[in-house]
Amino acid sequence: MSHPTTRVLAMLEILQTHHRLGGRDLADRLGVDERTVRRYAARLADLGVPVVAERGRHGGYRLLPGYKLPPLMLTDDEATAAVLGLRAARRLGLAAGAADAALAKILRVLPVRLRDEVGALEETLDFTLAERVGATPASRAVLTLAAAIRDRRRVTLDYRSWKGEQTRRDLDGHGLVFHSGRWYVTGHDHRSGETRTFRVDRISSVTAGEGTYDIPDDADPVRHVVASLARVPYTHTVEVVLHVPPAEAARRIPPSVAELTATPGGTLMTMRAESLDGAATMLAGLGHPFTIVAPPELRAAVRRLAASLLERSQEPPADAE
């Protein structure tokens, strides 16, 4: 590390890794004296990298947030972790477009050897989790909601419901939740007077106000989101008693699909379904004995499924090829 420019870049990498380092410590790491460290700090400042020196016993050099992002210095392990994290985010539908763009930028500036190794990892890596194509909301909406919830600031939302109805809501947010490729925000909705869940990609604008609030101690955004999904107003309300304990039923049925309640004889499963044939297929796939409570039409759907499975399981005719 004999070239001065190399040492300046090394100093930037060290400062990005550590919150604050004293001049003596930096000088030892770089193999120079403290006067040279001060010169390197001035050179970085000239390049627009906000390095500040603080005097005193607990002083030292540190980076300040600047008006622009300084060059990032990543080790091999850090670059690999960044690539894998972006690949996983894309797979989850967390930020598909932005993840692709960020991944392309990182790959373009990696050293040739590391780019080739990471490329090999990308080509050979696969996931057991199916890729999700979610509706990605505007980053500004997510960031505004996050800051407002952290600061306990009421927000005003322009929101489009699943029916296409446009409304304006005042919301005391409790938390953001990412589930199955979609972003949700939960909180106290002043229009309904209840805790509600909103899909962030259906929010056309969000404005933080001056009103403040407290989040209830028992608020649980994740639990509320998955419970809300189980109550999506599809066409049919399905109630079925599964003749197994609730703990066993819960191993096969996530909270976002149905509500499970202990009942004499087993577990009452309550859910909404758009298709009774689909509900019948789900019940068959659980492998548990069950009794249909409602709707009566579900019994006919189960019988149709049973007849279809029976027909498909018949032995082929003797003369069939």
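The values are calculated or read from the model by the stated rules, or taken from the named source; none is laboratory data. Values in this document were obtained by computation on a predicted structure and should not be read as measured data. Heads up, the Cβs are rebuilt from the backbone with ideal geometry, glycines too, and the neighbour counts pull from every protein chain shown. With ligands, DNA and RNA removed, areas are computed over all heavy atoms of the protein, side chains included. Shrake-Rupley method; radii C 1.70, N 1.55, O 1.52, S 1.80 Å.
Right, Pro221: open to solvent by less than 40 Å² (accessible area, probe 1.4 Å) and in contact with a strand residue (DSSP E or B) (Cβ under 9 Å, 6 or more places away or on another chain) or not? Show your work before the answer.
Working: open to solvent by less than 40 Å² (accessible area, probe 1.4 Å): yes; in contact with a strand residue (DSSP E or B) (Cβ under 9 Å, 6 or more places away or on another chain): yes.
Considered against the rule, which asks whether it is open to solvent by less than 40 Å² (accessible area, probe 1.4 Å) and in contact with a strand residue (DSSP E or B) (Cβ under 9 Å, 6 or more places away or on another chain), Pro221 comes out as yes.
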Filtered residues of the stretch 248-289 (kept if over 22 Å from Thr235 (Cβ atoms), open to solvent by 70 Å² or more (accessible area, probe 1.4 Å) and among the charged types (D, E, K, R)): Arg251, Arg252
Verdict on Val49 being in contact with a helix residue (DSSP H, G or I) (Cβ under 7 Å, 6 or more places away or on another chain), in contact (Cβ under 8 Å) with a residue 12 or more places away in the chain and not in a helix (DSSP H, G or I): yes
Filtered residue count, the stretch 55-88, keeping only those that are at pLDDT 80 or above and not in a helix (DSSP H, G or I): 4
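So which of Val222, Val226 is touching a Pro at 6+ places or on another chain (Cβ under 8 Å), within 24 Å of Ala138 (Cα to Cα) and among the aliphatic types (A, V, I, L, M)?
Working: Val222 fails: touching a Pro at 6+ places or on another chain (Cβ under 8 Å).
The conditions single out Val226.
Examine the stretch 301-311 for a residue that is outside any strand (DSSP E or B) and closer than 30 Å to Gly187 by Cβ, and state whether such a residue exists.
First pass over the stretch 301-311, keeping only residues outside any strand (DSSP E or B): 301-311.
Right, trim to closer than 30 Å to Gly187 by Cβ and you get none.
No, the stretch 301-311 contains no residue that is outside any strand (DSSP E or B) and closer than 30 Å to Gly187 by Cβ.
Being among the small types (Gly, Ala, Ser) and more than 31 Å from the chain's Cα centre (by Cα) narrows it down to one of Ala279, Ala300, so name that one.
Numbers: Ala279 fails: more than 31 Å from the chain's Cα centre (by Cα).
The conditions single out Ala300.
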Residue, surrounded by the fewest Cβ atoms within 10 Å (Cβ to Cβ), within the stretch 179-212, restricted to residues that are within 18 Å of Val257 (Cα to Cα) and among the small types (Gly, Ala, Ser): Ser180
Tally of residues being basic (Lys, Arg), in contact with a helix residue (DSSP H, G or I) (Cβ under 8 Å, 6 or more places away or on another chain) and at positive phi across the stretch 147-185: 0
Flag if Ala130 is touching a Ser or Thr at 6+ places or on another chain (Cβ under 9 Å), hydrophobic (A, V, I, L, M, F, W, C), open to solvent by 50 Å² or more (accessible area, probe 1.4 Å) and at pLDDT below 80: no
Counted residues, the stretch 1-40 - those being open to solvent by 10 Å² or more (accessible area, probe 1.4 Å), of a type outside the set (Val, Ile, Thr) and more than 21 Å from Leu74 (Cβ to Cβ): 13
Contacts under 8 angstrom Cβ, first residue in the stretch 108-129 being closer than 15 Å to Arg87 by Cα, partner open to solvent by 60 Å² or more (accessible area, probe 1.4 Å) and modelled with pLDDT under 80, 6 or more apart: Leu129/Leu92
